[in-house]
Every structure is written in structure tokens, then in C-alpha cells.
2 protein chains.
Amino acid sequence: MKKENKAAVAAFTDREPLEPVSELTTNRLSVYLRCLNTLDAEGVKTISSQALAEQFHLNAAQIRKDLANFGEFGVRGVGYYVKELRSHLRQILGVDRRIRVAIMGAGNLGLALADYPGFRDEGFEIAALFDTQREKIGQRSRGGVPILDVRTLRRTVRRERIAIAVIAVPAASAAAVLKAVVDAGIKAVLNFSPGALKVPPDVKVKSVDLTVSLESLSFFLAQGQTDAE
Amino acid sequence: MKKENKAAVAAFTDREPLEPVSELTTNRLSVYLRCLNTLDAEGVKTISSQALAEQFHLNAAQIRKDLANFGEFGVRGVGYYVKELRSHLRQILGVDRRIRVAIMGAGNLGLALADYPGFRDEGFEIAALFDTQREKIGQRSRGGVPILDVRTLRRTVRRERIAIAVIAVPAASAAAVLKAVVDAGIKAVLNFSPGALKVPPDVKVKSVDLTVSLESLSFFLAQGQTDAE
């Protein structure tokens, strides 16, 4: 990212952190946002970092430290205004505008992700599913997301202003699909396919390998197996 | 985990690492296992750490270091025997036996996970889905996994020797479902529900928050937005 562009953004929005923040921090910001959504829905107006931490099993000092990266949000003697902090976090995380997402692969996983209510609630709009199987193309997910021919990817990405692609295809097709996604100009990819993928440096891939998650649990169980029995 | 039990296990298996290993290491072991599966399926007999690293975009020194935690697997001038290393990794990760898994919630996500082919390929067997909705109970997933009444959880876990529970219910029910899972004696939980969950110290929860993953991408896009345009 060019420095002068970052400065230009900072002048017009408060999205820009005071210092570079880690992915662990942004992950925690997402969790805070989820908590604030719950509080807002319950009609809670203000909350202290301490109460927030207690109610959601978080760390109060960590909350204050994470938020301090982005400015002064707390008010002495009051804590945080729930609606206001929620709106700030949405802006920081870039979900104050709707972000359009394409899902590659209209199998079980792709279809489930297309209709995952959490995405829409948080400002992500699943614009389309893409597949190669002729019998799927032209159909829709249960929630109404259209299944398009992967050969229309590039022009759909441009027309629909799709910013993120989710890869939900079998491992054997993942590399080819990723290449198509990058060629279509997408810079952010959520990957559900196992194995490492190589991308240009200006593209960000976040991988969720469901089998790796299960294996880390089975490793935990295997190491502790005499206790479990 | 009791020290004497760990020693007893080490005497009979080579599952026990020489030193405690981090979750990042076990995650990488899972990735190596996936690569070896591919090589084995392609009929490759031996491979050097260098060739393994190149083919799958990994780090050769890291591979050697990770494996060295568990013993001597490489042979000078040959590299690794693919089948042999694969079998060792399966043992280390505890997937040399079939591990039985329950999925809590037979919505889109639960049903997709139940039929996710990667799990079965890697030694995980989805024994049952659990739900509370009467019209779902008694049905099966497309792949044949039965949907059972959550009220039968405790006895099903015992009878079917279920070791891992996957939580795929809406956020509002997650805490109650987790409590039921822990009460049923399950020690390892893969959680797809957003928000932090509290468990006893002998229970391991691994959370996969799909919205958090997307938000870390949208944060990346928001910070770099002037470049993307």
C-alpha cells in the first residue's frame, strides 16, 4: 500500500489506525462488534469495558488497549456508548458499507455459506455463487443467491463490484479457481480448501481449513487420551 | 494432564512429542499430512523436505524442525518415505483410529459439515447431527448422517463413543448447546458460533468464526481501499 494514499484516507475517515494492528487485533475487534450488536439489540445504552469483559468472557484491559489503537471511545464515569462504539467498529472494520462477496463452488459448503445469516447481518452481501456444473448454473440457493457460470466471473466481478471471493471447491480445483479469482481482480480471498495456496503479494488469502481444526482437537485428545478414559 | 499418564503413553506409542508443541505446529502437521496424502495418491514413494516445500509452497527448514519434535523420519540421501511419514503423522495427530464426531444443529451449516468429504477422508466419522426441531429429527443428511433429538445427546455420546462436538447453531443458542455438550462428557469442541464461550479447563474449544474471517479481509480492503480503486 502506498504511504501517501494511506495518509489521504486518514485525513478523511477515522478508519486508519494510529499504528499498524495485527490480525489478532482485528479478530478481537470483530468479536467486540458482535458483543455490541447483542447489547444494542437488548437496548443497552452504555457499558464499561469491565462489564463488557465480564458479560462476554473477555479481557477489559485488552479491550481498552485494542480500541486505543483507533482513538478515544470511552467516557469517564460512563464507559462506552453502545450504538456509537458499534458504529465506529463497523467503520474501522470496513463493514459500514455493504461488501459484495462471491462464493466459488455451489456444493453443500458453498450453499451453506451463501445462506449463512451472520454474513448478511454484518454487512456482507453474497452476490453470487459460481460453479462449472451445467445442471447447477441458473439455479439459486435456498436463500435466493444465483448460481452463475464460472466463465462469467470476470465480468460479474466488475459489474457487481465484488470485493471478496470465498473458495468452497474441492482441493483438486482450488489452485485453478484461485487463479481465476485473482485474474478477475479480486484482492481478498477466504479459502476453505485444504493445502497452501500461492498468491501475488497484493492479494490477501485467509484460510479456514476445517480438517486442520478437527485434527488439532484430535491431537489434543490423543495426547490426553489416558485421562479421557 | 497427569505427568505419569503422559509417560505411560510415551512408553507404548510414539505419539508423545519430545517437547510440548504449539497449536501452530499441529496445524502445520495437518497441512503436511494433506500434502503426503496427495503425493501418496499420485504414487510418489519418497520426497525430500526441499521438494515437499517447493511443491506445496512450504518452508523446508520448518518442515524438518516440526517433524524433529516427534522423532527421526528422514533418511539421508532419500528424504522421507511418503507412506511411512504419512502413517506417522496420522498417528501423531490421533487420526490413525476413526474419531467420532457429533454436529450440533442440523441447519444449512450443520448439514454441509456433516457431508464434508474431507472429514471422512481424514479419519473423522460424523456419527450424528443433533437438533431440537421436531420436523428435522428422524431425517438424515444427504450423505446419510442421522438427525437425532438433542435430548438423547448424553446417551448417544456414550453409546457411539463420540469424542468431538461441532457447534453449528445460531449464536443465541450456542452457550446452552455448549453446556449440554460438556455435560455429556465431551472434551473437544469445534465451534462455528460467533462470540466467546467459557468452558471448564479440561475441555478444549477451537472456534471458527466465519464472520470474523470475512471482517479481517474487509479490514484489509478498507485500509487499502485507495489502491484497489
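Any read-out appearing in this document is the output of simple, stated calculations on the displayed coordinates, not a laboratory observation. No experiment lies behind these values; they were computed from the predicted model shown. FYI the Cβ positions are ideal-geometry reconstructions off the backbone, even for glycines, and counts take in every protein chain you see.
What average count of beta carbons from other chains do you get within 10 Å of the Cβ of residues in B:119-131? Show your work: numbers first, answer last.
Working: counts 3, 0, 3, 7, 4, 6, 0, 0, 0, 0, 0, 0, 0.
Partner-chain Cβ atoms within 10 Å, mean over residues of B:119-131: 2.
Counting pairs of alpha carbon atoms under 8 Å apart in space and at least six apart in sequence, what relative contact order in percent does chain A give?
Details: 304 pairs, mean separation 29.7, N = 229.
With pairs under 8 Å counted, the relative contact order is 13 percent.
Suppose every Lys and Arg Cβ carries +1 and every Asp and Glu Cβ carries -1, with no other charges. What dipole size does the stretch B:52-96 come out with about its Cα centre, to the nearest 20 debye? Show your work: numbers first, answer last.
Numbers: 6 positive and 5 negative charges, 9 e Å.
Result for the stretch B:52-96 is approximately 40 debye, rounded to the nearest 20.
What does the highest-first list of B:164-173, A:53-62 look like by mean Cβ count within 10 Å?
B:164-173, A:53-62
Would you mind calculating the gained length between B:Gln133 and B:Gln50 on full extension (0.36 nm times residue separation, minus the Cα-Cα distance), in nm to one decimal?
Details: separation 83, 0.36 × 83 = 29.88 nm, distance 5.24 nm.
Working it through step by step, the gained length comes to 24.6 nm.
Could you tell me whether the protein assembly as shown comes out rounded, prolate or oblate from its Cα gyration tensor? Rule is a ≥ b ≥ c as square roots of the eigenvalues, rounded for a/c under 1.5, then prolate if a/b exceeds b/c, otherwise oblate.
On the way: a/c = 1.39, a/b = 1.23, b/c = 1.13.
Here the protein assembly as shown falls in the rounded category.
Distance check, please: which entries in A:Lys45/B:Lys198; A:Lys187/B:Lys204; B:Lys83/B:Lys187; A:Lys198/B:Lys45; B:Lys65/B:Lys206; A:Lys65/A:Lys204 exceed 29 angstrom between their Cα atoms?
Working: A:Lys45/B:Lys198 25 Å; A:Lys187/B:Lys204 34 Å; B:Lys83/B:Lys187 31 Å; A:Lys198/B:Lys45 25 Å; B:Lys65/B:Lys206 25 Å; A:Lys65/A:Lys204 26 Å.
Those over the limit are A:Lys187/B:Lys204; B:Lys83/B:Lys187.
Report the Rg/Rh value for chain B, based on alpha-carbon coordinates and the Kirkwood definition of Rh. Could the numbers behind the result be given before it?
Details: Rg = 20.4 Å, Rh = 20.0 Å.
We get a ratio of 1.02 for chain B.
Given only helices, namely DSSP H runs of n ≥ 4 each adding -39500 (n - 2.57), what is the per-residue ellipticity at 222 nm of chain B, to the nearest 500 deg cm²/dmol?
Numbers: 11 runs with 108 residues, N = 229.
The helix contribution divided over chain B gives -14000 deg cm²/dmol.
Report, as an integer, the average count of C-beta atoms from other chains found within 10 Å of each Cβ along A:89-98.
Working: counts 1, 2, 1, 4, 8, 10, 6, 2, 3, 0.
So the per-residue partner count for this stretch is 4.
Taking the Cα centre of chain A as the origin, how large is its charge dipole in debye, to the nearest 20, when only Lys and Arg (+1) and Asp and Glu (-1) carry charge on their Cβ atoms? Let's see the in-between values first.
Numbers: 32 positive and 26 negative charges, 229 e Å.
Roughly 1100 debye, rounded to the nearest 20.
Using Cβ contacts closer than 10 Å as the measure, can you line up A:Glu135, A:Glu160 from fewest to most? Walk me through the numbers on the way to the answer.
Numbers: A:Glu135 8, A:Glu160 15.
The order, fewest Cβ neighbours first, is A:Glu135, A:Glu160.
On average, how many beta carbons from a partner chain sit within 10 Å of the beta carbon of a residue in A:200-208? Let's see the in-between values first.
Details: counts 0, 0, 3, 1, 6, 1, 6, 3, 5.
The mean count of partner-chain Cβ atoms within 10 Å per residue comes to 3.
What's the minimum Cβ distance from chain A to the axis relating it to B, in whole Å, and which residue gives it?
A:Ala112, 2
When DSSP beta bridges are limited to those with both residues in the protein assembly as shown, what percentage is antiparallel, rounded to the nearest 5?
Numbers: 8 of 52 bridges.
Taking every DSSP beta bridge with both residues in the protein assembly as shown, the antiparallel ones total about 15 percent.
Given 20 °C and 1.002 mPa s, compute D for the stretch B:58-102 with the Stokes-Einstein relation, Rh being the Kirkwood radius over Cα pairs; round to the nearest whole µm²/s.
Details: Rh = 11.9 Å.
Taking Rh from Cα pairs, D becomes 181 µm²/s.
Can you tell me the relative contact order of the stretch B:99-213? Whole percent, Cα pairs under 8 Å, sequence separation 6 or more. Each step should come with its number before you reach the end.
Details: 214 pairs, mean separation 27.5, N = 115.
Relative contact order of the stretch B:99-213: 24 percent.
From the label point of B:Glu72, set 7 Å from Cα along Cα→Cβ, how far away are the matching label points in the other copies, in nm, ordered shortest to longest?
In nanometres, ordered from closest: 6.5.
In the stretch A:102-173, which trypsin sites (Lys or Arg not before Pro) fall in coil by DSSP and have 13 or fewer other Cβ atoms within 10 Å? Present the calculation step by step, with values, prior to reporting the outcome.
Values: sites: A:Arg120, A:Arg134, A:Lys136, A:Arg140, A:Arg142, A:Arg151, A:Arg154, A:Arg155, A:Arg158, A:Arg159, A:Arg161; in loops: A:Arg134, A:Lys136, A:Arg142, A:Arg161.
When the trypsin sites (Lys or Arg not before Pro) of the stretch A:102-173 are filtered for loop state and at most 13 Cβ neighbours within 10 Å, A:Arg134, A:Arg142, A:Arg161 remain.
Report the charge-dipole magnitude of the stretch B:99-213 in Debye, nearest 20, computed about the Cα centre from +1 at each Lys and Arg Cβ and -1 at each Asp and Glu Cβ. All intermediate terms of the calculation are to be shown ahead of the outcome.
Working: 17 positive and 11 negative charges, 83 e Å.
Roughly 400 debye for the stretch B:99-213.
Compute the label-point distances linking A:Pro170 to its equivalents in the other copies; points lie 7 Å from Cα along Cα→Cβ; give nm, one decimal, shortest first.
When each copy's label point is compared with this one, the spacings are 3.5 nm.
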